[in-house]
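Student: To start, I am sharing the structure in question, which I have written as structure tokens.
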Amino acid sequence: MHALKDCTICMPLKLIVATLLLLAPTGMARKPAPANTWEPLRYLVGGWEGTGSGQPGMSKIQREYRFVLNDKYIQVQNKSTYDPQPKNPKGEVHQDWGMMSFDKSRKNFVLRQFHIEGFVNQYVMTSSTADVKTIVFTSESIENIPTGYRARETYKVLGPDEFTEVFEIAEPGKDFELYTESHFRRKK
């Protein structure tokens, strides 16, 4: 044992091992997505309040977009409340959660929504204006609905704290029809 204590190789070896142990966690440290990756959607991050109208009637909406999981995704939580009204006599509360991601292989944004009714919509960004004030997501697939249905969401930025969202549905073999249109203002 005394031979190891005085070993000339052991001291540098101990320093190398100690340095590696100290540096190892930094290699696994949180590395957020580059700022420019999320630039087209960064505007949405925050809390929003809004109103909606359309086939299910008039609604009040609460929505939040936030970065999660080391800024790799944007999580969306939405709650639309429809009071009883002629178009919707019983009223309802609709909730959906979503995750926005950037698919590196396609170099495109993907939105997956999970609805309280059991629908799961997967959208891909199909267009955006050069100034990123209009963004369109079109469904690639919808689970738990008859085959052939399609959906589309269009976001239009109206100002630094305001945007609209148009949600359209197309039955199999038909064109898109307006389902809801919502107007949001950023929570202060």
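The values are calculated or read from the model by the stated rules, or taken from the named source; none is laboratory data. Worth saying up front: this structure is predicted, and the values here are computed from it rather than measured. When we count neighbours, we look across all protein chains shown, and the Cβ atoms used for this are built from the backbone with ideal geometry, even at glycine. Each accessible area value is taken on the protein alone, full model and side chains, heavy atoms only, with ligands, DNA and RNA left out. Shrake-Rupley method; radii C 1.70, N 1.55, O 1.52, S 1.80 Å.
Student: Any residue in region 111-127 that is closer than 10 Å to Ser139 by Cβ sitting within a Cβ distance under 9 Å of a residue that is assigned to a loop (DSSP other than H, G, I, E, B) and of a type in the set (Lys, Arg)? List the pairs, counting only those 6 or more apart or interchain.
Tutor: So the pair list comes out as Val124/Arg106.
Student: Which of the residues spanning region 149-185 are open to solvent by 60 Å² or more (accessible area, probe 1.4 Å) and in a strand (DSSP E or B)?
Tutor: Arg150, Arg152, Lys156, Leu158, Glu177, Leu178, Tyr179, Glu181, His183, Arg185 - these are the residues of region 149-185 that are open to solvent by 60 Å² or more (accessible area, probe 1.4 Å) and in a strand (DSSP E or B).
Student: Just to be sure I understand, how many residues within region 65-78 are surrounded by fewer than 16 Cβ atoms within 10 Å (Cβ to Cβ) and part of a strand (DSSP E or B)?
Tutor: Total meeting the criteria: 4.
Student: Determine if region 133-148 includes at least one residue that is closer than 24 Å to Lys72 by Cα, in contact (Cβ under 8 Å) with a residue 60 or more places away in the chain and not in a strand (DSSP E or B).
Tutor: Scanning region 133-148, I find no residue that is closer than 24 Å to Lys72 by Cα, in contact (Cβ under 8 Å) with a residue 60 or more places away in the chain and not in a strand (DSSP E or B), so the answer is no.
Student: Now for a separate question. Just for region 80-124: of the residues that are touching a Pro at 6+ places or on another chain (Cβ under 8 Å) and part of a loop (DSSP other than H, G, I, E, B), which one is nearest to Gly54 (Cα to Cα)?
Tutor: Within region 80-124, the match that is nearest to Gly54 (Cα to Cα) is Lys87.
Student: Take the conditions at pLDDT below 95 and in a strand (DSSP E or B) and apply them to Ser127. Does it pass?
Tutor: The answer is yes for Ser127.
Student: Say whether the condition of being more than 25 Å from Arg66 (Cβ to Cβ) and either at pLDDT 95 or above or of a type in the set (Ser, Thr, Tyr) (or both) is met by at least one residue in region 149-158.
Tutor: yes
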